[in-house]
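Presented below is the structure to which this report refers.
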Amino acid sequence: MEVQIKDNKIYAPLKDKWLVVKPEEEVRQKYICRLVDSYGYSLDQMDQERQVNNSQRGRGASRADIVIWRNKKDREENNDALIVVECKAESVTIRKEDYFQGMNYASWAHADFFVTTNLKETRIFKVVKGKIPDKLEEIVDIPNASKANNQKEIDKLLKQTKAFTRDEFSKLLFKCHNIIRNNDKLSPEAAFDEISKILFIKIRYERSNSDSQIFSAERFTALKKSREEYNKEMNIKDEKPFYQHLFDLTKQEFVHDHLFDDNAKIEIRENSFEQIVKELEIYNLSTTSDDVKGIAFEKFLGKTFRGELGQFFTPRTIVDFMVSVLDPQEGELVCDPCCGSGGFLIKAFEYVREKIEKDIEQQKEDIKAQFYGDDYDKMSDKQKQEVEAEVAQTFSYLNEELNINNEKGRLRSLSFDCIYGTDANPRMARTAKMNMIMHGDGHGGVH
């Protein structure tokens, strides 16, 4: 299933009509494609902008972005939903308030799962039935359509919490470390370098596939075979192993980040590479949240380097406390002259980013208060459409302030002009950049 866009309009199959292209609408239609292609749901068991309660709130009853039922009959009879999805524009970082708002929608719809996504980050929560949510418990995934009517499978998914996932991901990285130690006899720090290369091959591949295709051992074999057949057909003699070719593509992707030397290559055997890919294939690193990847990576970092290179990392709670005491502001320069794995820089980046996001959110609330007052309800439908178009355009402009690729945006300025770190150890400087990429961004100023 593909998203259709033409003449500044986007086709919404659940409504069977063309809508104005807005960043949030584009995310919604792309996620509907993901639900169909990756999870197997059919359009007749979904709806968009479905009213989920009868109370008046602002301009009208609350509407969920996407609602999914167990089957077509449940949708037609307006029975309890299975999943409620809230969508945000790709350039918007999803904030805690968004989780609670969407969770209320999911509770009203009596759903089991609540999803919030901006495509770059997708987070999934279980819905606590019969209670107003005051604590969000993040879980691993939503069920495939084939399991939507199987309560045992649903209960199993609801028990797989994200905290469990973070710990499991950390353990998996250590398992990969042991594969290299046993097969290739590399030192812990050299083994870490090789795991980093494979992680970034996986991140590159999964980010570039819009259908959320995981870089699995099976996928690696299929890609390798396809390349061999192409080379044979074109009579190309390729002496470089395929997994080295994948690493070359990854180096090109991150060339401006200076993560890897130009002449760097993977220093482990292909069977070790395949074993590690097999271990990591249960995770899609394009949809696993930055926080899970980052914290698991930090945990792995600490144990790998502690004592091995005389590197010791400040505990996260101490970092959080010190940054809150410093209270860095937007536009101020932040520098860590001995940045290590980048813990202080990551926290400072996240701290100021949250201030910027809150300011943007307040501006949006002010705009809504200005345009959606008492006069709005008295307007004709045409006047309302004009107001909504103006608000959408203003919101789109504000969202661009949070787009890391917008050279004039506030987030870009924070990332590229305000966060600096140095470390005497080249491996540590590279690791800080990797850690920052795992956490989101802000890695450009590390040297």
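The values are calculated or read from the model by the stated rules, or taken from the named source; none is laboratory data. None of these values were measured; they are calculated from a predicted model. So basically every Cβ, Gly included, is an ideal-geometry build from the backbone, and we count neighbours across all protein chains shown. For accessibility, only protein heavy atoms count, side chains too; no ligands or nucleic acids. Shrake-Rupley method; radii C 1.70, N 1.55, O 1.52, S 1.80 Å.
Suppose all protein chains stay in the model; what accessible area per residue would a 1.4 Å probe give for region 331-447, in Å²?
Numbers: 5970 Å² over 117 residues.
Here the residues of region 331-447 average 51 Å² of exposed surface.
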Review point. Taking 0.36 nm per intervening residue step and subtracting the Cα-Cα distance, what contour gain separates N8 from R316 on full extension?
Key: 106.3 nm
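Please sort by residue number the GluC sites (Glu not before Pro) in region 173-260 whose DSSP state is loop and whose Cβ has at most 10 other Cβ atoms within 10 Å. Show your work: numbers first, answer last.
Numbers: sites: E189, E194, E206, E218, E228, E229, E233, E239, E253; in loops: E239.
Qualifying residues, ordered by number: E239.
R0 = 45 Å: FRET efficiency of Y372 with K237, Cβ-based, nearest 0.05?
Working from the Cβ atoms, E equals 0.10.
So what's the back-of-envelope 222 nm ellipticity for the chain, counting only DSSP H runs of four-plus at -39500 (n - 2.57) apiece and dividing by all residues, rounded to 500? Write out the running numbers ahead of the final one.
On the way: 16 runs with 224 residues, N = 447.
The helix contribution divided over the chain gives -16000 deg cm²/dmol.
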Check your understanding: Which of K120/K408; K120/K197; K6/K73; K88/K408; K15/K202; K9/K88 have a Cα-Cα distance over 24 Å?
Key -> K6/K73; K15/K202
Review point. What percentage of the solvent-accessible surface of the chain, computed with a 1.4 Å probe over protein heavy atoms, is contributed by carbon and sulfur atoms?
Key: 46 percent
Study note, to complete from the structure: Relative to the chain, whose Cα atoms define the longest principal axis, helix 188-208 and its Cα axis are tilted in degrees, nearest 10, by 30 degrees
